[in-house]
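Colleague: The structure is given below, and queries will be raised subsequently.
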Amino acid sequence: HSSVGPLANISPDPGLRTSGTVRERSKYIPLRLSLGERKMLRLVEAAMTCCDYTTEVDKPFKSQTRRTHAQLKRIAAILRGLVTACDYSAGQKLLEDENYAEFDVFFRQMFEIARRHKIMNPEKMRTEYGKLIYLLQDAVSPSVQPHLEFSVKGRIESVYKFLEERGGLAVLDDKLIEIATEEILAGKKSRAKINAEIKRKEKAVKTIKQKYHTTKLNGEDIHLCLYSICDNNSFLNSDRVPIDKVLDYLSTHFSPGIIEEGYSLSIVSGEDGARLS
């Protein structure tokens, strides 16, 4: 494993979090979807869009047995549809044999991809994800799972899990990990400063990829992990930065001791629809 000489002088910003924090956070950061996984995601989304699972099972039944039968029937139909869309002959065989456990890994992977995508993009799959979760909850229920003979629930593919399986956890402890995964925020920075930060980040990514690549963990795998962490940082910033700005506006333009007429921020019960006091 070689290292790049000019990068030896790069050192993390002292204001950044430690690499140990990144290592712990990576256990809960989903891995960015690959191109192949995105194709599978579109299939799951399409299946959830056209199915009417919740409509069919969330209505009155004369007995719990009939409800379970309806759940099993609808779940089986969706599972068969997923298999048939990928392999027609396998779908025909599944229709005849009804051996869903034979495709247990496939089903878990499909649903895990959809769940992982939703974690990274909460604003996506609003209606479809609701139906998916109801379906998964019913599929793992004690009344339905014994008939399927397998569990549709699988572990979310995290950055930590991905690297651990390939012996690459040392990536998370590298001194350049914070630089390689930071989001470049424009703010009031000059174009020259932004470009310099982008170049610094690219050099850090290149150094880590060259330093830790192995036969089990190639450069593209490391790149995927680094940018998955960056995606998470970007998501957290999109939630946090607006709050920081509002707090800054409040402390800059308003004083708790001086209230100008017409500009009070107080909330009074009964005024303008307010219910608080």
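Colleague: When you scan segment 185-192, do you find a residue that is under 20 Å from LYS39 (Cα atoms), in contact with a helix residue (DSSP H, G or I) (Cβ under 7 Å, 6 or more places away or on another chain) and open to solvent by 30 Å² or more (accessible area, probe 1.4 Å), even just one?
Modeller: Looking for residues that are under 20 Å from LYS39 (Cα atoms), in contact with a helix residue (DSSP H, G or I) (Cβ under 7 Å, 6 or more places away or on another chain) and open to solvent by 30 Å² or more (accessible area, probe 1.4 Å), one finds none in segment 185-192, hence no.
Colleague: Restricting attention to segment 59-75, which residues are hydrophobic (A, V, I, L, M, F, W, C) and touching a residue at least 60 places away in the same chain (Cβ under 8 Å)? Don't jump to the end; show me each part of the working.
Modeller: Initially, segment 59-75 is screened for residues hydrophobic (A, V, I, L, M, F, W, C), giving 61, 70, 72, 75.
Those that are hydrophobic (A, V, I, L, M, F, W, C) and touching a residue at least 60 places away in the same chain (Cβ under 8 Å): LEU72, ILE75.
Colleague: Only one of these conditions is not met by LYS216: (1) more than 21 Å from the chain's Cα centre (by Cα); (2) surrounded by 16 or more Cβ atoms within 10 Å (Cβ to Cβ). Which number is it?
Modeller: For LYS216, the failing item is (2).
Colleague: With the structure loaded, tell me whether ASP231 is in contact with a strand residue (DSSP E or B) (Cβ under 9 Å, 6 or more places away or on another chain) and either open to solvent by 30 Å² or more (accessible area, probe 1.4 Å) or without any contact (Cβ under 8 Å) to a residue 60 or more places away in the chain (or both) or whether it fails that test.
Modeller: In short, yes.
Colleague: Anything in segment 63-77 that is open to solvent by 100 Å² or more (accessible area, probe 1.4 Å) and over 31 Å from the mean Cα position of the chain (by Cα)? List them, or say none.
Modeller: Listed by number, the residues that qualify are GLN64, THR65, ARG66, HIS69.
Colleague: Just to be sure I understand, how many residues within segment 144-179 are within 26 Å of GLU37 (Cα to Cα), assigned to a helix (DSSP H, G or I), free of Cβ contacts under 8 Å to residues at least 60 places away in the same chain and over 24 Å from the mean Cα position of the chain (by Cα)?
Modeller: Qualifying residue count, segment 144-179: 1.
Colleague: Among the numbered criteria (1) touching a Cys at 6+ places or on another chain (Cβ under 8 Å); (2) farther than 16 Å from ALA77 by Cα, which one does LYS131 miss?
Modeller: Checking LYS131 against (1) touching a Cys at 6+ places or on another chain (Cβ under 8 Å); (2) farther than 16 Å from ALA77 by Cα, the one that fails is (2).
Colleague: Can you find a residue in segment 122-133 that is open to solvent by 40 Å² or more (accessible area, probe 1.4 Å), in contact with a Pro (Cβ under 6 Å, 6 or more places away or on another chain) and not polar (S, T, N, Q)?
Modeller: Taking every residue of segment 122-133 in turn, none turns out to be open to solvent by 40 Å² or more (accessible area, probe 1.4 Å), in contact with a Pro (Cβ under 6 Å, 6 or more places away or on another chain) and not polar (S, T, N, Q).
Colleague: List pairs: first residue in segment 85-100 and under 19 Å from VAL44 (Cα atoms), second residue open to solvent by less than 60 Å² (accessible area, probe 1.4 Å) and outside any helix (DSSP H, G or I) anywhere in the structure, Cβ distance under 7 angstrom, at least six positions apart or on different chains.
Modeller: TYR100/PHE150
Colleague: Here's another thing I want to ask about it. Quick check, is LYS209 open to solvent by 70 Å² or more (accessible area, probe 1.4 Å) and part of a helix (DSSP H, G or I)?
Modeller: Against the criterion (open to solvent by 70 Å² or more (accessible area, probe 1.4 Å) and part of a helix (DSSP H, G or I)), LYS209 does not qualify.
Colleague: Further, regarding this structure: Can you name the residue in segment 234-256 that is of a type in the set (Gly, Ala, Ser) and surrounded by fewer than 14 Cβ atoms within 10 Å (Cβ to Cβ) and, of all such residues, is nearest to the chain's Cα centre (by Cα)?
Modeller: Going through the qualifying residues, I end up with SER238.
Colleague: Looking at segment 134-168 only, could you name the residues that are among the basic types (Lys, Arg) and open to solvent by 70 Å² or more (accessible area, probe 1.4 Å)?
Modeller: Of everything in segment 134-168, those that are among the basic types (Lys, Arg) and open to solvent by 70 Å² or more (accessible area, probe 1.4 Å) turn out to be LYS153, ARG155.
Colleague: Considering ASP244, ASP248, ASP239, ASP231, which residue is touching a helix residue (DSSP H, G or I) at 6+ places or on another chain (Cβ under 8 Å) and either acidic (Asp, Glu) or farther than 28 Å from GLU123 by Cα (or both)?
Modeller: ASP231
Colleague: Across segment 47-62, what is the total count of residues that are surrounded by 11 or more Cβ atoms within 10 Å (Cβ to Cβ) and under 14 Å from LEU132 (Cβ atoms)?
Modeller: 7
Colleague: Among (1) exposed (fewer than 10 other Cβ atoms within 10 Å of the Cβ); (2) more than 30 Å from LYS27 (Cα to Cα); (3) not charged (D, E, K, R), where does ILE259 come up short?
Modeller: Single failed check for ILE259: (1).
The values are calculated or read from the model by the stated rules, or taken from the named source; none is laboratory data. Nothing here was measured: the structure is a model prediction, and the numbers come from that model. Using ideal geometry, Cβ is built from the backbone for each residue, glycine included, and neighbour counts are taken over all protein chains shown. Each accessible area value is taken on the protein alone, full model and side chains, heavy atoms only, with ligands, DNA and RNA left out. Shrake-Rupley method; radii C 1.70, N 1.55, O 1.52, S 1.80 Å.
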